[in-house]
Amino acid sequence: MNFNWLNKKNNKKLIAFFNGWGMDDGAVKHLEPANFDVLTVCDYNTLSPLPDISEYAEIYVVAWSMGVMIATLYDINKTGATAINGTLFPISAEYGINPRIYKLMETNFDETSCKKFIRNMFDVIPDGFVFPSRSIDNQKAELTALRGYKGNEDYQYTRVIVCDNDKIIPSRAQINYWKTPEIISGGHCPFFNYTKWEELL
């Protein structure tokens, strides 16, 4: 598990961002933190305790893709939590990626399929997107690790965003799970529709 402070300036409010599979900060580093400290979490090959965040008066969770499931495994005294393009059961024929398709990706994952995955996250890859700097072996191992986790159904998200053209976790599967999410235009990675973290809260 990897933790990175995108912004740490002793603000009273924190955003804890649980990233998607295979990612680093390349999809979100352009977002303006304003008066929030921002901690990003990625690489779910193992799950580790979070850094000490008890000093913050307000903590907001923003979780994307597989991070939507992972965030629910942490007992954070949160002010609010936003789920983006994910469910608590992201490997599921009904609520996520079909397990057969997921297994094929896991078995055959290589540099070519990684690049295809990245392309499929977007309608058009934005100029500002930075490809993740993680190794293929690390990303492939994470695919296997994620099959071993199960979301905590008692966890409460206060906002749910689903993009209408998600080619990774199908939009329809997400709607099946959430029933009445906030639906916006775009693909699996919507962060280049925003300029500030605060817009996601």
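For the stretch 2-30, a tally of residues being farther than 26 Å from Y149 by Cβ and of a type in the set (A, V, I, L, M) returns 0.
Of everything in the stretch 76-99 that is among the β-branched types (V, I, T) and under 12 Å from the mean Cα position of the chain (by Cα), the residue that is nearest to H188 (Cα to Cα) is I84.
For (1) surrounded by 20 or more Cβ atoms within 10 Å (Cβ to Cβ); (2) out of contact with any Lys or Arg (no Cβ under 6 Å at 6 or more places or on another chain); (3) at pLDDT below 95; (4) of a type in the set (V, I, T), each residue gets a yes or a no:
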| site | (1), (2), (3), (4) |
| --- | --- |
| F129 | no, yes, yes, no |
| I136 | no, yes, no, yes |
| I169 | yes, yes, no, yes |
| A173 | yes, yes, no, no |
| F191 | yes, yes, no, no |
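Taking the criterion of being over 25 Å from F36 (Cα atoms) and among the hydrophobic types (A, V, I, L, M, F, W, C), the residues of the stretch 164-201 that qualify are I168, I169, A173, I175, W178, I183. Can you report the number of residues in the stretch 172-201 which are under 15 Å from the mean Cα position of the chain (by Cα) and either β-branched (V, I, T) or not in a loop (DSSP other than H, G, I, E, B) (or both)? Count: 5.
The set of residues from the stretch 1-48 being touching a Cys at 6+ places or on another chain (Cβ under 9 Å), assigned to a loop (DSSP other than H, G, I, E, B) and surrounded by fewer than 18 Cβ atoms within 10 Å (Cβ to Cβ) comprises just one member, M1. Taken as a whole, the structure leaves Y149 outside the set of residues that are out of contact with any strand residue (DSSP E or B) (no Cβ under 6 Å at 6 or more places or on another chain), under 17 Å from I84 (Cα atoms), hydroxyl-bearing (S, T, Y) and assigned to a loop (DSSP other than H, G, I, E, B).
In the stretch 93-101 there is no residue matching the filter, namely being buried (at least 18 other Cβ atoms within 10 Å of the Cβ), touching a strand residue (DSSP E or B) at 6+ places or on another chain (Cβ under 7 Å), modelled with pLDDT of 95 or more and more than 23 Å from R159 (Cβ to Cβ).
Looking across E142, E111, one residue alone is in contact (Cβ under 8 Å) with a residue 40 or more places away in the chain and either on the phi > 0 side of the Ramachandran plot or out of contact with any strand residue (DSSP E or B) (no Cβ under 8 Å at 6 or more places or on another chain) (or both). It is E142. Every condition in (1) farther than 15 Å from A83 by Cα; (2) exposed (fewer than 15 other Cβ atoms within 10 Å of the Cβ) holds for D164 except the one numbered (1).
The values are calculated or read from the model by the stated rules, or taken from the named source; none is laboratory data. All values reported here derive from a predicted model rather than from experimental measurement. Cβ coordinates were reconstructed from backbone atoms using ideal geometry, including for glycine residues, and neighbour counts include every protein chain displayed.
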